[in-house]
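Each remark here refers to the structure printed beneath this line.
The values are calculated or read from the model by the stated rules, or taken from the named source; none is laboratory data. Because the structure is predicted, anything quoted here is derived from the model rather than measured. So basically every Cβ, Gly included, is an ideal-geometry build from the backbone, and we count neighbours across all protein chains shown. Calculation scope for accessible area: heavy atoms of the full protein, side chains included, ligands and nucleic acids excluded. Shrake-Rupley method; radii C 1.70, N 1.55, O 1.52, S 1.80 Å.
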Amino acid sequence: MIWAFVALAFGGIVKGALGAGVPIIAIPILTMTYDVQFAVAVLLAPNLVANLVQVWSYRADLLPRPFLMPFALGGSAGVAFGTYGLTRVPQDTLSLIIAFIVFVYVALRLFNPRLTLPFRLGQKIALPVGVLAGTLQGATGMSAPISVTFLNALGLERRVFVGTIAVFFTALTLMQIPALALSGILTWERGLISLFALATVLAFMPLGAWLASRLSRRFFDITTLLLLVLLAAKIIVDVLIR
């Protein structure tokens, strides 16, 4: 139980600072004691409520609706497609491709920190990128390799980034809850445990936000890239140990 608490607490700190991180941090640790289905179900309440809190907190800093709506709705559609349509697609191949894309992107950003995706182009491709990220979420349980990488490439300010990714994650979670319930993964017992996990994450999110308010933009950017590297490394390790 102590490791579960540490995972949720650290995930809350990262979530408060970067807008993403609870599943990335908590799921690997939770699965050392429980199975993946349990970990995913238990994180539903923290994912939903924590993102709703950040959507409200950063509501004045969100990207324009012509970008945000296609991105979020595309993600929701992708979750449904990934959950019900891609369950038989070889996951190892898909995961390794995504990990490779992340590593290439991070390498480009490190060698050329000024590399950014023009916002006009980003707005034009927000819908298909959202669908791809949602599909990845439905098929593998993670959208961050695409969604976080995409928003990071736009070179957004921290508050804009956090609010926008929170809207996207909320849309995905709202679609994921009924999908997991229908599949039998989300049970009443796991739902109650998820509420306890929520309390832990919410308790530590303010600490992460406080730390982030005292960090430079460069530090925020590097930390986000590091998060992506850790995520890609986790994907590769998961493939190798299966």
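R159 - would you say it is of a type in the set (K, R) and touching a residue at least 12 places away in the same chain (Cβ under 8 Å)?
When the stated conditions are applied, R159 passes them.
Do you know which residues across the range 174-192 are open to solvent by less than 50 Å² (accessible area, probe 1.4 Å) and either part of a loop (DSSP other than H, G, I, E, B) or of a type in the set (S, T, N, Q) (or both)?
Q176, G184, I185, L186
If L63 satisfies all but one of (1) of a type outside the set (V, I, T); (2) open to solvent by less than 40 Å² (accessible area, probe 1.4 Å); (3) assigned to a helix (DSSP H, G or I), what's the number of the condition it fails?
Evaluating L63 over (1) of a type outside the set (V, I, T); (2) open to solvent by less than 40 Å² (accessible area, probe 1.4 Å); (3) assigned to a helix (DSSP H, G or I) leaves (3) as the failure.
Specify the residue that is least open to solvent (accessible area, probe 1.4 Å); the eligible residues are those in the range 27-58 that are within 21 Å of F150 (Cβ to Cβ) and modelled with pLDDT of 90 or more.
Checked the range 27-58; the qualifying residue least open to solvent (accessible area, probe 1.4 Å) is Y58.
Looking at (1) crowded, with 23+ Cβ neighbours inside 10 Å; (2) at pLDDT 80 or above; (3) not aromatic (F, W, Y), can you tell me which one I125 breaks?
(1)
Quick one: would you say I146 is touching a helix residue (DSSP H, G or I) at 6+ places or on another chain (Cβ under 6 Å) and over 28 Å from I101 (Cα atoms)?
Against the criterion (touching a helix residue (DSSP H, G or I) at 6+ places or on another chain (Cβ under 6 Å) and over 28 Å from I101 (Cα atoms)), I146 does not qualify.
Could you please find all residues in the range 157-173 being modelled with pLDDT under 90 and either of a type in the set (S, T, N, Q) or open to solvent by 20 Å² or more (accessible area, probe 1.4 Å) (or both)?
Of everything in the range 157-173, those that are modelled with pLDDT under 90 and either of a type in the set (S, T, N, Q) or open to solvent by 20 Å² or more (accessible area, probe 1.4 Å) (or both) turn out to be E157, R158, R159.
Kindly establish whether P206 is within 29 Å of G74 (Cα to Cα) and assigned to a helix (DSSP H, G or I).
The answer is no for P206.
How about the range 233-242: which of its residues are assigned to a helix (DSSP H, G or I) and either on the phi > 0 side of the Ramachandran plot or open to solvent by 80 Å² or more (accessible area, probe 1.4 Å) (or both)?
Listed by number, the residues that qualify are L240, I241.
Can you tell me which residues in the range 138-156 are without any contact (Cβ under 8 Å) to a residue 40 or more places away in the chain and either open to solvent by less than 10 Å² (accessible area, probe 1.4 Å) or under 10 Å from the mean Cα position of the chain (by Cα) (or both)?
The answer is L151, and nothing else.
Is it true that some residue in the range 111-119 is out of contact with any Gly (no Cβ under 9 Å at 6 or more places or on another chain), over 25 Å from A60 (Cα atoms), part of a loop (DSSP other than H, G, I, E, B) and open to solvent by less than 50 Å² (accessible area, probe 1.4 Å)?
The answer is no, given that none of the residues of the range 111-119 is out of contact with any Gly (no Cβ under 9 Å at 6 or more places or on another chain), over 25 Å from A60 (Cα atoms), part of a loop (DSSP other than H, G, I, E, B) and open to solvent by less than 50 Å² (accessible area, probe 1.4 Å).
Suppose the filter is closer than 24 Å to G130 by Cβ and in contact with a Ser or Thr (Cβ under 6 Å, 6 or more places away or on another chain); does F161 pass it? It would help to see each step written out before you state the result.
Working: closer than 24 Å to G130 by Cβ: yes; in contact with a Ser or Thr (Cβ under 6 Å, 6 or more places away or on another chain): no.
No.
Taking the range 197-232 only, how many residues are within 18 Å of Y58 (Cβ to Cβ), open to solvent by 20 Å² or more (accessible area, probe 1.4 Å) and among the charged types (D, E, K, R)?
Residues in the range 197-232 being within 18 Å of Y58 (Cβ to Cβ), open to solvent by 20 Å² or more (accessible area, probe 1.4 Å) and among the charged types (D, E, K, R): 2 in total.
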